[in-house]
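Each remark here refers to the structure printed beneath this line.
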Amino acid sequence: MLLTLGDKVQSKEHSSSFSEAGPAGPLNPLELEIIDLFVQVSRLLGQPRSLAEIYGLLFVSVKPLAMDDLIERLRISKGSASQGLKFLRNIGAVKTIYVAGDRRVHYEAVAELRNLTTRFLRDQILPHINSGQAQLERISTMVKQLPPEERARLNGRVTMLQSWGKRGRKFLPIIVKVLGG
């Protein structure tokens, strides 16, 4: 019986030792727990589960892993693995590693929280805040066309959204700068 992400029960064939599961072997209980931890965090950030699974396995892995290893061990599709690795590389969460004698590209997790946070804020959050400004202007125009009784309540909500956007555009670049971005 292989251990999978949906399986927290361990078979008698597999001990709970961390070293038993190899690069292409089943996930061991420690790997499952660490991956699950990253999955929980990814839910908070609204990111796909597969990103967390890939990052979690790379994070806990003693050796760099090739995409084939990730696909086999996590039981995810080639498309999910490819897109997940591309996204994680773009935000600086994983890097490619050369492994002598193996022509495949191998990956390892970058574990510096400061760099990950900075890149995530700069590349994922700030663009959404900036693009949201034009959308809020369109919404404001639409609200002005509503009947007076509806307009009064929604004007306050739109003003609140605009205030949040203004604060985000003001403070997030400062946070990114302080973090070293």
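Brief remarks on what is shown
- Count of the range 40-61 residues which are surrounded by 23 or more Cβ atoms within 10 Å (Cβ to Cβ) and charged (D, E, K, R): 1
- Every condition in (1) farther than 30 Å from Pro26 by Cα; (2) exposed (fewer than 15 other Cβ atoms within 10 Å of the Cβ) is met by Ser140 except one, and the failing one is (2).
- Members of the range 69-107 found to be in contact (Cβ under 8 Å) with a residue 24 or more places away in the chain, β-branched (Val, Ile, Thr) and crowded, with 16+ Cβ neighbours inside 10 Å, listed by number: Ile76, Ile91, Val94
- Checked against (1) more than 30 Å from Ile175 (Cβ to Cβ); (2) at pLDDT 95 or above, Pro23 meets all criteria but (2).
- Whichever residue in the range 37-84 is basic (Lys, Arg) and part of a loop (DSSP other than H, G, I, E, B) and, among such residues, is farthest from the chain's Cα centre (by Cα): Lys63
The values are calculated or read from the model by the stated rules, or taken from the named source; none is laboratory data. Keep in mind that what you see is a predicted model, and the values were worked out from it rather than measured. So basically every Cβ, Gly included, is an ideal-geometry build from the backbone, and we count neighbours across all protein chains shown.
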